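The values are calculated or read from the model by the stated rules, or taken from the named source; none is laboratory data. These numbers were taken from a predicted model, which means no experiment stands behind them. Note: ideal-geometry Cβ built from the backbone for every residue, glycine included; neighbour counts use all protein chains shown. Please note that ligands, DNA and RNA were not included when accessible areas were found on the heavy atoms of the full protein model with its side chains. Shrake-Rupley method; radii C 1.70, N 1.55, O 1.52, S 1.80 Å.
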Amino acid sequence: MGHDLGYAALALIATTVYYIAFLVFRVSARRMEPLRGSRPFRVARLMLTDPVWLGGGLLLFLGLGYEVVAFQQMPLAVAQPIFAVSLVFLVGYAVWFLGERLSVREWASVALFVLATVLIGLSATGDGTPEAKATLLGTLRTPWTMLAICAPAVVIAGLVWLVGDRRAGGRHARKLAGVAYGIGAGACAGLAEAGIRGISLVYADTGSLRAVLESAYPYLTLGLAAIALGQLQIALQRCRVAIVAVVLTVIGRTYLIVSSTVLFGEEWPRDALPFLLRAGGFVLALVALVTFPRYEEPGATGALPQRAARRKGVRALP
């Protein structure tokens with residue numbers, strides 16, 4: 001019992017550190033000159049040369065690493081509610097301390113997302129043993145399975161970048177909402193986490209670093225994490241961290257479950273109750289996505305951009 005409580009505490013600390021990284025990324029984004037998805041190499045350069053962003057990246061990977069350690073020892077039914085609790089703390093911080101405002105409709109969507117996360121966690125049965133068999137050479141010879149998993153996430157991220165970079169004209173033009181950026185970044189983040197899970201499965205099975213490097217999973221992780229981090233940084237410069245973080249997390253966990261079914265042979269629950277819980281969680285997540293507004297409301301992002309604009313050398317964002 002104490003052993004399980006220790007891993008639960010580690011998981012809560014890890015997820016808290018993970019979400020603190022989002023706040024650090026937001027501070028970094030507000031200090032940067034305007035970012036555009038159509039110029040990804042410039043975005044990467046600005047991120048990698050900003051010490052604040054590098055500090056956030058260190059926190060992110062520390063949190064993610066300890067999450068992997070903790071969640072390997074915990075059932076999904078315990079892990080998912082911990083994610084939900086940490087997410088509620090982040091939203092509360094963004095509202096109370098960053099001055100972000102959520103409409104009634106957005107609060108309802110956030111509540112649906114949290115409930116969906118809990119239902120998906122409760123649907124876990126522990127049946128079956130996941131296996132990671134995708135070698136790098138085999139993937140290069142027959143890439144269709146990996147392409148089928150990666151293509152939707154990359155295409156979604158690309159479309160969000162293109163739409164978000166379009167300059168809307170007119171007096172009543174509004175910015176694309178954080179839900180769109182969260183979907184694009186979340187799908188890529190979920191795949192990156194699937195890659196991390198593949199790395200852990202290969203190493204647990206073989207105990208060999210060479211076997212890990214010869215698998216497809218390190219490269220899946222690096223490639224999709226780079227896209228997700230770039231999309232996240234652009235999103236945090238333009239949108240509310242509360243919305244971006246909620247959507248990214250839920251979409252990421254959902255895509256992780258879907259991709260794990262294909263990559264690692266994990267089966268959906270067969271018993272009636274767990275099946276209904278998981279299906280209900282996915283339906284609620286979809287309803288929450290449809291409910292979210294598509295555009296940012298003026299004044300909803302809080303006062304931080306104006307404060308940042310008073311600092312020397314920092315420009316206010318439009």
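Values for this structure:
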| item | result |
| --- | --- |
| Y219 being part of a helix (DSSP H, G or I), aromatic (F, W, Y), touching a residue at least 24 places away in the same chain (Cβ under 8 Å) and under 22 Å from V179 (Cβ atoms) | no |
| Residue count, segment 217-236 (criterion: of a type in the set (S, T, N, Q) and crowded, with 21+ Cβ neighbours inside 10 Å) | 2 |
| Any chance F113 is open to solvent by 10 Å² or more (accessible area, probe 1.4 Å) and modelled with pLDDT of 80 or more | no |
| Count of segment 2-36 residues which are outside any helix (DSSP H, G or I) and free of Cβ contacts under 8 Å to residues at least 60 places away in the same chain | 0 |
| Of residues in segment 222-277 being at pLDDT 85 or above and of a type in the set (F, W, Y), the one farthest from V179 (Cα to Cα) | F275 |
| Among (1) small (G, A, S); (2) farther than 30 Å from E33 by Cβ; (3) at pLDDT 80 or above; (4) in contact with a helix residue (DSSP H, G or I) (Cβ under 7 Å, 6 or more places away or on another chain) - the single one A77 does not satisfy | (3) |
| Residues that are in a loop (DSSP other than H, G, I, E, B) and either free of Cβ contacts under 8 Å to residues at least 12 places away in the same chain or of a type in the set (S, T, Y) (or both), drawn from segment 254-272 | W268 |
| Residues being basic (K, R) and over 21 Å from the mean Cα position of the chain (by Cα) - total across segment 255-284 | 1 |
| Meets criteria (free of Cβ contacts under 8 Å to residues at least 60 places away in the same chain and either open to solvent by 10 Å² or more (accessible area, probe 1.4 Å) or part of a helix (DSSP H, G or I) (or both)) for T249 | no |
| Members of segment 183-216 that are small (G, A, S), open to solvent by less than 40 Å² (accessible area, probe 1.4 Å) and in a helix (DSSP H, G or I) | G184, A185, G186, A187, A189, G190, A192, A194, G195, G198, S200, A211 |
| Matching residues, segment 87-102, being touching a residue at least 12 places away in the same chain (Cβ under 8 Å) and farther than 21 Å from R253 by Cα | Y93, A94, V95, L98, G99, E100, R101, L102 |
| Test: residue in segment 91-106 that is assigned to a helix (DSSP H, G or I), more than 15 Å from V241 (Cβ to Cβ) and modelled with pLDDT of 85 or more | yes |
